[in-house]
Amino acid sequence: MTHNHRPHQAPAVNTTTGTASTLMRFLSGRMLKSSHRALYGYLLLGSVVLFALQTVSPAIGQVLQWQASDAENLQAWWRPFTAHLVHTNLTHLLMNLLGLWLLVWAAYPLLRARQAITLYLLCCVAIGLTLPASGLGSYRGLSGVLYGIVAWLSVASWRSPAVAILPSWLTGGLLALLLWPDSQHDAFTAHLIQAHVAHLAHFSGALCGAFYGMLCRLPTQTNSLRN
């Protein structure tokens, strides 16, 4: 009596499916928790809006950008809030969007949608107050706000080390590196964005982000694991 015996082999399809399922569970748990869906939703919507503002018409940038004459024109009080939504060119926009997505990922799970909006508005006010002293004729770009996010992340990571993804010394070192003056780096960046580098806007944005990082409410490890 003979038996057809086949060696036991794990199906390759099942292995692939299991890997994909594990990856999806990881992404859904890391990026799409109920407390963070709004944050990534706003981020995606904001990216689409920024692309639209950059590509629809050059006249939009002229209307929304901050101008030195605005310091004496109270009718343009809203431009410090809209100047960060327009950029000098597409390279400038892509650089800032890449930095924004990376920073929001690094800020998980500390940053919430409401805190992100508050941080943006505070940075707009802080940068807008210092722009008249910058000597710039006009200002566009999100970089000042990005510096604010890096500073906020550094302080928040220091306050909640059990929840933070990145250690505070790493984000603090990145912030120090970004704020360190370098003429060659400035010249290269100015060539890419076709505009002067706004150091004062970067500094005021970072100062505002650090200050807000000290005052805002942060999740504890227990709350983070419970979400």
In nanometres, what is the gap between the two model label sites at residue 133 and residue 101, each 7 Å from Cα along Cα-to-Cβ? 3.7 nm
Residue separation times 0.36 nm, minus the C-alpha to C-alpha distance between residue 184 and residue 78: what's the value? 34.8 nm
For the range 76-227: accessible area per residue (Å², 1.4 Å): 51 Å²
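Identify the trypsin sites (Lys or Arg not before Pro) of the range 133-227 meeting these criteria: DSSP loop state and at most 13 other C-beta atoms within 10 Å of the C-beta.
Loop-located and lightly packed - 217.
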How would 87, 199 line up by accessible area, probe 1.4 Å, largest first? 199, 87
Accessible surface of residue 55 in the full protein assembly, 1.4 angstrom probe, to the nearest 10 Å²? 100 Å²
With 5 Å bins from 0: P(r) over the range 119-227, alpha-carbon pairs, percent: 2, 13, 20, 20, 18, 12, 7, 5, 3, 1
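The values are calculated or read from the model by the stated rules, or taken from the named source; none is laboratory data. None of the values given here were measured: they were computed from a predicted structure. Glycine also receives a Cβ, built like all others from the backbone with ideal geometry; neighbour counts cover every protein chain displayed. Ligands, DNA and RNA are stripped out before the accessible areas are found, and what is left, the full protein with its side chains, is counted by its heavy atoms. Shrake-Rupley method; radii C 1.70, N 1.55, O 1.52, S 1.80 Å.
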